[in-house]
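For reference, the structure is listed below as structure tokens.
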Amino acid sequence: MGWNRSVLGSVQYCERAANEGSAVEVRGAVVLVAAALLVGGCSSTVEGRAVRPDGADGLFDPCSAIPDDVVASLGVDVGTEDNGVLGVRQAEFEICSWESDWYALGVWSTFHTLDDVRRNPKDTDIRDAPMVAPGAVTFREVTDIQKNLCMVAIPVVQGAVFVRVDAFLGERHQEEVCALATRQAIALLAYLPK
């Protein structure tokens, strides 16, 4: 499959690590920064003009569709909103994320379907989540050994919307991440496409 959510998440982590320095474990930072460097590195400057990537036209845009008061009610900081990855929009996804003190909440809109999730060898621990919506699932990525990441995939007409929770390395989990992702997904349902 041609899409890699782990790389995109690692780049988001790279920016946070650069901004916070010692707030994360050194070993974890080294591993994630090395991974990010393999796909282009951590750079604080992006030159040129933002261009709409191919393959994302017509996707639900969570940054513009989810009201700020709803975002704030989820316990994340509206002022940390990131549209894309480090502000760069991605092909095949509309991504919006916000941070709390111990995790990032992301809403990823895509044409990919839940069948794609089930077939993707990088996805694991796939479980039905009927409490969120008919056909919804929770899942993790095989690289997430420490269980810092969980996604809820919700089927929609365009494909799927993923509600993603990434716990920051070195921060104590105040809630189990799949339980939190499920709770956040339920709270966001009214603002997602049908």
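Numbers below:
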item: The listed residue being more than 19 Å from P193 (Cβ to Cβ) and either of a type outside the set (D, E, K, R) or in contact (Cβ under 8 Å) with a residue 60 or more places away in the chain (or both), out of T113, T143; result: T143
item: Residue within the range 90-106 that is over 12 Å from the mean Cα position of the chain (by Cα) and surrounded by 20 or more Cβ atoms within 10 Å (Cβ to Cβ) present; result: no
item: Selection status of I186, within 26 Å of D68 (Cβ to Cβ) and surrounded by fewer than 20 Cβ atoms within 10 Å (Cβ to Cβ); result: yes
item: Among residues of the range 159-183, those that are among the polar types (S, T, N, Q) and surrounded by fewer than 17 Cβ atoms within 10 Å (Cβ to Cβ), counted; result: 1
item: Some residue of the range 153-161 being in a helix (DSSP H, G or I) and either hydrophobic (A, V, I, L, M, F, W, C) or touching a residue at least 12 places away in the same chain (Cβ under 8 Å) (or both); result: no
item: Sole exception among (1) at pLDDT below 95; (2) in contact with a Gly (Cβ under 9 Å, 6 or more places away or on another chain) for N83, by number; result: (2)
item: Looking only at the range 119-129, and only at residues there that are in contact with a helix residue (DSSP H, G or I) (Cβ under 7 Å, 6 or more places away or on another chain) and part of a strand (DSSP E or B), the one that is least open to solvent (accessible area, probe 1.4 Å); result: D123
item: Residue within the range 99-107 that is of a type in the set (G, A, S) and in a strand (DSSP E or B) present; result: yes
item: Where D116 falls short, out of the listed (1) of a type outside the set (G, A, S); (2) in a strand (DSSP E or B); (3) open to solvent by less than 50 Å² (accessible area, probe 1.4 Å); (4) more than 21 Å from A187 (Cβ to Cβ); result: (2)
item: Count - residues of the range 58-77 that are touching a strand residue (DSSP E or B) at 6+ places or on another chain (Cβ under 7 Å), open to solvent by 40 Å² or more (accessible area, probe 1.4 Å) and either part of a strand (DSSP E or B) or not small (G, A, S) (or both); result: 2
item: Residue in the range 94-102 that is in contact with a Ser or Thr (Cβ under 9 Å, 6 or more places away or on another chain), over 26 Å from H173 (Cα atoms) and not polar (S, T, N, Q) present; result: yes
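Results for (1) closer than 22 Å to C63 by Cβ; (2) at pLDDT 95 or above, shown as yes or no for each residue.
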| residue | (1), (2) |
| --- | --- |
| E92 | yes, no |
| D128 | no, yes |
| K147 | no, no |
| A160 | yes, yes |
| G170 | no, no |
| K194 | yes, no |
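The values are calculated or read from the model by the stated rules, or taken from the named source; none is laboratory data. Values in this document were obtained by computation on a predicted structure and should not be read as measured data. As a convention, Cβ positions derive from the backbone with ideal geometry for all residues, glycine included, and neighbour counts pool all protein chains shown. In case anyone asks, the SASA skips ligands and DNA or RNA and just uses the protein heavy atoms, side chains included. Shrake-Rupley method; radii C 1.70, N 1.55, O 1.52, S 1.80 Å.
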